[in-house]
Amino acid sequence: MAEKGTDAPPGRSAREAAERILARRDHGSAELRRKLLARGFAPGAVEEALRGLAGRGLLDDGAYAARFARESLARGRGPLWIQSKLRARGVAPAALSVSPDDEEESLRVLLARRRIVPHALTDPRGRAKILRFLKGRGYSGAALARLFGPAGEES
């Protein structure tokens, strides 16, 4: 139950609220902590709820980061974008390791979906536009250079 003197929803504990939040989508512990505190639960109740969820295996930042990375790569996002989003959600991206092969495969899938053939781009402006787009999606210069040749690191 929420501690007295808070604006927490009546009749609901921080643990129950956390479980409801996690039922909608996966969260990291820092993001879940922020949401519970914003809902008016006392810091002590929030920490107790987070410890309980972690003890039951329902809250694991490492597993969350790995799932988030896998899903993001499948959606055409690169490792730099993924690390940025994890940092914003309070998860240490150091736990994240995306192999160059995974990054390159994700990049190939994205290019195929967009019907882009890397070595067929001869127009410098068009090539620069594609490279900016891919860098904005979070792909590293090294992955772009492997696919587009040495000019993949430009811009």
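The values are calculated or read from the model by the stated rules, or taken from the named source; none is laboratory data. Not measured: the values here are computed from a predicted model. Ideal geometry is used to build each Cβ from the backbone, glycine not excepted, and the neighbour counts take in all protein chains shown.
Points to keep in mind about this one:
- Search result, residues across segment 99-147 that are among the aromatic types (Phe, Trp, Tyr) and assigned to a helix (DSSP H, G or I): Phe133
- Flag if Ser97 is in the same structural domain as Arg127 (by TED's automatic domain parsing), of a type in the set (Gly, Ala, Ser) and within 23 Å of Lys129 (Cβ to Cβ): no
- Scanning segment 18-74 for residues that are without any contact (Cβ under 8 Å) to a residue 12 or more places away in the chain, more than 18 Å from Gly90 (Cα to Cα) and in a loop (DSSP other than H, G, I, E, B) yields a count of 2.
- The selection criterion, being over 26 Å from Arg34 (Cα atoms) and aliphatic (A, V, I, L, M), holds for Leu111.
- Any chance Gly76 is at pLDDT 90 or above, touching a Ser or Thr at 6+ places or on another chain (Cβ under 8 Å), over 30 Å from Ala18 (Cβ atoms) and not polar (S, T, N, Q): yes
- Condition broken by Gly55, with the remaining ones in (1) in the same structural domain as Phe148 (by TED's automatic domain parsing); (2) exposed (fewer than 15 other Cβ atoms within 10 Å of the Cβ) satisfied: (1)
- Condition met for Glu48 (modelled with pLDDT of 95 or more and farther than 27 Å from Ala69 by Cα): yes
- Of all residues in segment 75-91, those that are outside any loop (DSSP other than H, G, I, E, B) and either buried (at least 20 other Cβ atoms within 10 Å of the Cβ) or not hydrophobic (A, V, I, L, M, F, W, C) (or both) total 7.
- Flag for Arg12 being part of a helix (DSSP H, G or I), without any contact (Cβ under 8 Å) to a residue 40 or more places away in the chain and farther than 30 Å from Asp102 by Cα: no
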